[in-house]
Amino acid sequence: MPMSENQALSHLLDQLESTIDDDEITVQHIIETLGNRSFASVMLIFSLISTSPASAMPGLTATIAAITFLMAAQMISGRDHLWLPDFITRRRLSRSKLCKGIGWLRKPLRFVEQFLKARLTFLFHRPWLYLPLILIMALTLVMPFMELIPTSGSIASVVIALFAAGLLTRDGVLVVCALVPLTAVPATIWYFGFG
(Lines give C-alpha, C1' and ligand atoms only; values in the text may rest on other atoms or scores of the structure.)
Protein backbone atom coordinates (compact mmCIF):
# COMPACT_ATOMS: atom_id res chain seq x y z
CA MET A 1 0.00 0.00 0.00
CA PRO A 2 1.52 3.36 -0.96
CA MET A 3 2.39 5.74 1.83
CA SER A 4 0.09 8.74 2.07
CA GLU A 5 1.73 12.16 2.07
CA ASN A 6 0.85 12.91 5.69
CA GLN A 7 2.43 9.66 6.93
CA ALA A 8 5.89 10.64 5.72
CA LEU A 9 7.25 11.55 9.15
CA SER A 10 6.17 8.35 10.94
CA HIS A 11 7.40 6.32 7.97
CA LEU A 12 10.92 7.68 8.50
CA LEU A 13 10.88 6.52 12.13
CA ASP A 14 9.61 3.08 11.04
CA GLN A 15 12.32 2.88 8.39
CA LEU A 16 15.07 3.78 10.84
CA GLU A 17 13.85 1.62 13.72
CA SER A 18 13.53 -1.46 11.51
CA THR A 19 17.24 -1.37 10.69
CA ILE A 20 18.61 -1.00 14.23
CA ASP A 21 19.90 -4.43 15.24
CA ASP A 22 23.13 -3.72 17.14
CA ASP A 23 23.90 -2.16 20.51
CA GLU A 24 25.22 0.89 18.69
CA ILE A 25 24.43 2.51 15.36
CA THR A 26 26.68 4.77 13.32
CA VAL A 27 25.75 8.05 11.69
CA GLN A 28 26.70 6.45 8.37
CA HIS A 29 24.17 3.66 8.93
CA ILE A 30 21.39 6.19 9.50
CA ILE A 31 22.29 8.07 6.32
CA GLU A 32 22.43 4.85 4.28
CA THR A 33 19.05 3.80 5.67
CA LEU A 34 17.39 7.09 4.72
CA GLY A 35 19.29 7.60 1.46
CA ASN A 36 22.10 10.09 0.90
CA ARG A 37 20.06 11.94 -1.72
CA SER A 38 17.24 12.69 0.70
CA PHE A 39 18.53 15.79 2.45
CA ALA A 40 15.15 16.56 4.02
CA SER A 41 14.79 13.07 5.52
CA VAL A 42 18.30 13.03 6.96
CA MET A 43 17.98 16.57 8.35
CA LEU A 44 14.61 15.73 9.90
CA ILE A 45 15.74 12.51 11.57
CA PHE A 46 18.86 14.02 13.11
CA SER A 47 17.05 17.12 14.35
CA LEU A 48 14.31 14.94 15.83
CA ILE A 49 16.93 12.78 17.58
CA SER A 50 18.31 15.98 19.10
CA THR A 51 14.87 16.95 20.46
CA SER A 52 14.25 13.56 22.05
CA PRO A 53 15.67 11.96 25.23
CA ALA A 54 18.48 10.66 23.02
CA SER A 55 19.91 14.20 23.11
CA ALA A 56 21.35 13.35 26.54
CA MET A 57 24.25 11.64 24.74
CA PRO A 58 27.36 13.82 25.25
CA GLY A 59 28.36 15.81 22.17
CA LEU A 60 25.22 14.91 20.25
CA THR A 61 24.03 18.50 19.84
CA ALA A 62 27.40 19.55 18.41
CA THR A 63 27.45 16.54 16.07
CA ILE A 64 23.97 17.26 14.77
CA ALA A 65 24.85 20.94 14.36
CA ALA A 66 27.83 19.93 12.17
CA ILE A 67 25.71 17.53 10.11
CA THR A 68 22.98 20.13 9.61
CA PHE A 69 25.46 22.86 8.67
CA LEU A 70 27.06 20.66 6.02
CA MET A 71 23.67 19.59 4.66
CA ALA A 72 22.41 23.18 4.38
CA ALA A 73 25.62 24.27 2.67
CA GLN A 74 25.39 21.40 0.17
CA MET A 75 21.72 22.15 -0.52
CA ILE A 76 22.61 25.77 -1.28
CA SER A 77 25.41 24.68 -3.61
CA GLY A 78 23.03 22.35 -5.46
CA ARG A 79 24.81 19.11 -4.57
CA ASP A 80 22.61 16.11 -5.38
CA HIS A 81 23.82 13.75 -2.64
CA LEU A 82 25.03 14.19 0.90
CA TRP A 83 28.70 14.04 1.86
CA LEU A 84 29.96 14.04 5.44
CA PRO A 85 33.53 13.63 6.73
CA ASP A 86 34.57 10.30 8.23
CA PHE A 87 34.91 11.60 11.78
CA ILE A 88 31.17 12.38 11.72
CA THR A 89 29.94 9.30 9.87
CA ARG A 90 31.89 6.99 12.22
CA ARG A 91 30.27 8.45 15.34
CA ARG A 92 28.24 5.82 17.21
CA LEU A 93 24.89 6.30 18.91
CA SER A 94 23.44 4.11 21.63
CA ARG A 95 20.73 1.75 20.35
CA SER A 96 18.74 1.90 23.59
CA LYS A 97 18.75 5.70 23.75
CA LEU A 98 17.96 6.01 20.06
CA CYS A 99 15.02 3.60 20.28
CA LYS A 100 13.78 5.38 23.39
CA GLY A 101 13.95 8.65 21.49
CA ILE A 102 12.07 7.19 18.51
CA GLY A 103 9.33 5.87 20.80
CA TRP A 104 9.06 9.27 22.49
CA LEU A 105 8.66 11.02 19.12
CA ARG A 106 5.89 8.86 17.71
CA LYS A 107 2.92 10.39 19.50
CA PRO A 108 3.70 14.06 18.73
CA LEU A 109 4.51 13.19 15.11
CA ARG A 110 1.23 11.34 14.64
CA PHE A 111 -0.57 14.43 15.94
CA VAL A 112 1.31 16.80 13.64
CA GLU A 113 0.76 14.60 10.59
CA GLN A 114 -2.99 15.21 10.75
CA PHE A 115 -2.47 18.81 9.67
CA LEU A 116 0.20 18.43 6.98
CA LYS A 117 -0.51 19.16 3.34
CA ALA A 118 1.20 20.74 0.35
CA ARG A 119 0.84 24.54 0.51
CA LEU A 120 2.95 27.64 -0.14
CA THR A 121 5.15 25.40 -2.27
CA PHE A 122 6.90 28.38 -3.90
CA LEU A 123 9.00 28.52 -0.72
CA PHE A 124 10.77 25.33 -1.80
CA HIS A 125 12.16 26.90 -4.96
CA ARG A 126 15.22 29.09 -5.34
CA PRO A 127 15.80 31.86 -4.33
CA TRP A 128 13.17 31.52 -1.57
CA LEU A 129 14.78 28.35 -0.24
CA TYR A 130 18.08 30.10 0.40
CA LEU A 131 16.79 32.24 3.26
CA PRO A 132 15.87 29.44 5.72
CA LEU A 133 18.98 27.47 4.75
CA ILE A 134 21.28 30.41 5.48
CA LEU A 135 19.50 31.06 8.79
CA ILE A 136 19.79 27.37 9.72
CA MET A 137 23.53 27.52 9.05
CA ALA A 138 23.76 30.52 11.39
CA LEU A 139 21.82 28.61 14.05
CA THR A 140 24.10 25.57 13.83
CA LEU A 141 27.15 27.75 14.52
CA VAL A 142 25.86 28.53 18.03
CA MET A 143 24.35 25.10 18.76
CA PRO A 144 27.57 23.54 20.16
CA PHE A 145 27.58 26.20 22.89
CA MET A 146 23.98 25.31 23.73
CA GLU A 147 25.18 22.06 25.29
CA LEU A 148 26.12 24.21 28.29
CA ILE A 149 22.47 25.26 28.73
CA PRO A 150 20.07 22.33 29.34
CA THR A 151 17.31 21.91 26.70
CA SER A 152 18.44 24.91 24.61
CA GLY A 153 19.94 22.60 21.98
CA SER A 154 16.68 20.68 21.79
CA ILE A 155 14.75 23.91 21.19
CA ALA A 156 17.10 24.81 18.34
CA SER A 157 16.63 21.34 16.88
CA VAL A 158 12.84 21.74 16.94
CA VAL A 159 13.21 24.76 14.68
CA ILE A 160 15.36 22.77 12.24
CA ALA A 161 12.89 19.88 12.40
CA LEU A 162 10.03 22.21 11.45
CA PHE A 163 11.91 23.32 8.35
CA ALA A 164 12.93 19.77 7.40
CA ALA A 165 9.40 18.43 7.92
CA GLY A 166 8.04 21.23 5.76
CA LEU A 167 10.59 20.46 3.06
CA LEU A 168 9.80 16.74 3.17
CA THR A 169 6.01 17.18 3.02
CA ARG A 170 6.01 20.33 0.84
CA ASP A 171 4.19 22.23 3.58
CA GLY A 172 5.29 25.85 3.40
CA VAL A 173 3.40 26.72 6.58
CA LEU A 174 5.95 24.71 8.57
CA VAL A 175 8.76 26.61 6.87
CA VAL A 176 7.15 29.91 7.83
CA CYS A 177 6.81 28.64 11.42
CA ALA A 178 10.53 27.84 11.40
CA LEU A 179 11.47 31.21 9.90
CA VAL A 180 10.08 33.17 12.85
CA PRO A 181 12.50 31.82 15.48
CA LEU A 182 15.29 31.46 12.89
CA THR A 183 15.30 35.19 12.17
CA ALA A 184 15.83 35.78 15.89
CA VAL A 185 19.25 34.08 15.71
CA PRO A 186 21.13 36.71 13.69
CA ALA A 187 19.27 39.46 15.56
CA THR A 188 20.41 38.05 18.90
CA ILE A 189 23.99 37.59 17.70
CA TRP A 190 24.02 41.17 16.43
CA TYR A 191 22.57 42.53 19.67
CA PHE A 192 24.98 40.76 21.99
CA GLY A 193 27.97 40.94 19.65
CA PHE A 194 27.65 44.48 18.39
CA GLY A 195 25.08 46.12 20.67
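Which of (1) part of a helix (DSSP H, G or I); (2) open to solvent by 90 Å² or more (accessible area, probe 1.4 Å); (3) free of Cβ contacts under 8 Å to residues at least 60 places away in the same chain is the odd one out, the single condition L123 does not satisfy?
Looking at each condition in turn, L123 falls short on (2).
Sort out which residues of the range 129-170 are of a type in the set (F, W, Y) and crowded, with 21+ Cβ neighbours inside 10 Å, and write them in order of number.
Here is the first cut: in the range 129-170, the ones of a type in the set (F, W, Y) are 130, 145, 163.
Listed by number, the list holds a single entry, F163.
Which condition from (1) of a type in the set (V, I, T); (2) in contact with a Ser or Thr (Cβ under 6 Å, 6 or more places away or on another chain); (3) closer than 17 Å to P132 by Cβ; (4) open to solvent by 20 Å² or more (accessible area, probe 1.4 Å) is the one that T68 breaks?
(4)
Scan the range 10-21 for residues that are surrounded by 10 or more Cβ atoms within 10 Å (Cβ to Cβ) and either modelled with pLDDT under 80 or over 28 Å from D171 (Cα atoms) (or both) and jot them down. I'd like the intermediate steps shown before the answer.
In the first step, residues of the range 10-21 are kept if they are surrounded by 10 or more Cβ atoms within 10 Å (Cβ to Cβ); the result is 10-17, 19-20.
Result: T19, I20.
Return yes or no: is R92 modelled with pLDDT of 85 or more, within 20 Å of L129 (Cα to Cα) and loosely packed, with under 15 Cβ neighbours inside 10 Å?
Values: modelled with pLDDT of 85 or more: yes; within 20 Å of L129 (Cα to Cα): no; loosely packed, with under 15 Cβ neighbours inside 10 Å: yes.
Answer is no for this residue.
Across the range 26-65, which residue is farthest from L141 (Cα to Cα) among those that are touching a Pro at 6+ places or on another chain (Cβ under 8 Å) and either open to solvent by 30 Å² or more (accessible area, probe 1.4 Å) or aliphatic (A, V, I, L, M) (or both)? Talk me through it step by step, then tell me what you get.
The first filter runs over the range 26-65 and keeps only residues touching a Pro at 6+ places or on another chain (Cβ under 8 Å), leaving 61-62, 65.
Restricting the remaining residues to those that are either open to solvent by 30 Å² or more (accessible area, probe 1.4 Å) or aliphatic (A, V, I, L, M) (or both) gives 62, 65.
Values: A62: 9, A65: 7 Å.
This residue is A62.
Among the residues of the range 55-64, is any outside any loop (DSSP other than H, G, I, E, B) and within 10 Å of V27 (Cβ to Cβ)?
Yes, the range 55-64 contains a residue that is outside any loop (DSSP other than H, G, I, E, B) and within 10 Å of V27 (Cβ to Cβ).
Does L116 qualify as being closer than 28 Å to S18 by Cα, of a type outside the set (F, W, Y) and not in a helix (DSSP H, G or I)?
Values: closer than 28 Å to S18 by Cα: yes; of a type outside the set (F, W, Y): yes; not in a helix (DSSP H, G or I): yes.
Spelling it out, L116 is indeed closer than 28 Å to S18 by Cα, of a type outside the set (F, W, Y) and not in a helix (DSSP H, G or I).
The values are calculated or read from the model by the stated rules, or taken from the named source; none is laboratory data. Predicted, not measured: the structure shown is a model, and the values here were computed from it. In this analysis, Cβ positions are derived from the backbone assuming ideal geometry, glycine residues included, and neighbour counts consider all displayed protein chains. SASA here: full protein model, heavy atoms, side chains in, ligands and nucleic acids out. Shrake-Rupley method; radii C 1.70, N 1.55, O 1.52, S 1.80 Å.
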